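One structure below.
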């Protein structure tokens, strides 16, 4: 059985800096790295590290970055037979500056310049043999089609809600699990009042929702319960991709049928371990590494 992902893939250029450069200045860089990125693609890599089979649907350009994106996914054993190449276009890419002191990152990114994936390219049978669907909603039309198809087939869907884009609420209503960033929560009216935010979600018709807050952990809003899971205290090198890896760990727990608290702790541990290395992919742990970490860091 496969986890299917429909969404973004990117090529990331990353550097660590001891201070953010001023305008009209030069800044010597302490390091330079390149890795695959993108929310859905990175979450699938996290799942692949846990020995879950995955299939990715998205687009690249026919540029060098597109070749690197494809190769990075193939190297992880992810099925990219439905990764479409748009001729004469540029792939999604990002330049990421990481703070040396705290590992927090600033991302400058560019969307792919090629046409979005279409429903026809996705196909009516794209979920054949699958057990879960992950979306990030950037390609609005095909994401909505994918969510509705999964709903009809009783296949659970998770939405990676990075921000409140056009059509995101309608898409979220068709998803079983919503995992949003703090930016997404603020866009919805989050002001650190949990009960008020729970009512906001209810009024919007949104169900099982988790909000990730970095070093403050996560809050999960269920029908009758609010669960807070603190973040693990690690020496953070880079937070890039932590949320994406969290999504991968979250899906793994759902597939295993774990209780929600165990699932959230596992996802949080996955994200924490990722933060020990630069980039969204290099630090993604194996199942054994996560298990050892959790044994040493009981909450």
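Please list log₁₀ I(q)/I(0) at q = 0.28 Å⁻¹ for the stretch 148-198, using the Debye equation with identical point scatterers on the alpha-carbon positions.
-1.08
So which residue, out of 282, 242, 271, gets the largest mean-square fluctuation from a GNM of the chain using Cα contacts under 10 Å as springs?
282
P(r) for the stretch 9-155, please, calculated from all Cα pair distances in 5 Å bins and given in %.
Going out from 0 Å in 5 Å bins, the stretch 9-155 shows 2, 9, 17, 19, 18, 14, 9, 6, 4, 2, 1, 0 percent.
Considering the zone a paramagnetic label at residue 153 would reach in this model (a point 7 Å from Cα along the Cα-to-Cβ line), which residues of the stretch 49-85 have amide N under 20 Å from it?
Hits in the stretch 49-85 for residue 153 at 20 Å: 52-59, 78-84.
Of 103, 207, 189, which is the most mobile in a GNM of the chain whose springs link Cα atoms less than 10 angstrom apart?
For the chain, modelled as a Gaussian network with Cα springs under 10 Å, the answer is 189.
Write down the radius of gyration of the stretch 83-198 and its Dmax, each obtained from C-alpha positions, in Å.
16.7, 50
Just the Cα atoms of the stretch 176-223, one point each, no solvent: what log10 I(q)/I(0) does Debye give at q = 0.18 Å⁻¹?
-0.46
Using a Gaussian network model of the chain whose springs link C-alpha atoms within less than 10 Å, name the residue from 23, 288, 196 with the highest mean-square fluctuation.
23
Mean projection of the alpha-carbon convex hull of the chain over all orientations, in nm²?
If you wrap the Cα atoms of the chain in a convex hull and average its projections, you get 15.6 nm².
For the residue pair residue 199 and residue 287, what label-to-label distance in nm results when each label sits 7 Å from Cα along the Cα-to-beta-carbon direction?
Each label point lies 7 Å from its Cα, and together they span 4.4 nm.
Just to be sure I understand: of the beta bridges DSSP finds with both ends in the stretch 1-63, what percent are antiparallel, rounded to 5?
The answer is about 55 percent antiparallel.
Looking at the stretch 1-75 from every direction and averaging, what is the projected area of its Cα convex hull in nm²?
On the way: hull surface 26.9 nm².
One quarter of the hull surface, i.e. the mean projection, equals 6.7 nm².
I'd like the projected area of the stretch 159-268, averaged over all directions, using the convex hull of its alpha carbons. Report it in nm² with one decimal.
6.8 nm²
What is the distance, in nm, between label points placed 7 Å from the Cα along the Cα-to-Cβ direction at residue 109 and at residue 28?
Spacing of the two 7 Å Cα→Cβ label points: 3.2 nm.
The stretch 236-263 to the stretch 152-175: how many Å between their Cα centroids?
Using only Cα atoms to place each centre, the spacing works out to 18 Å.
Please compute the modelled spin-label separation between residue 118 and residue 84, points set 7 Å along Cα→Cβ, answer in nm with one decimal.
Once both label points are built, they end up 0.7 nm from each other.
Order 12-21, 32-41 from most to least packed using the mean count of other Cβ atoms within 10 Å. Write out the running numbers ahead of the final one.
On the way: 12-21: 16.1, 32-41: 23.2.
For the peptides 12-21, 32-41, the packing ranking is 32-41, 12-21.
Pulled fully out, how much extra length does the chain show between residue 258 and residue 101, if you take 0.36 nm times their separation in residues and subtract their Cα-Cα distance?
Extra length available between residue 258 and residue 101 comes to 52.9 nm.
Where a number appears in this text, it was derived from the coordinates with a stated rule and is not lab data. Values in this document were obtained by computation on a predicted structure and should not be read as measured data. Backbone-built Cβ (ideal geometry, glycine too); neighbour counts: all protein chains shown.
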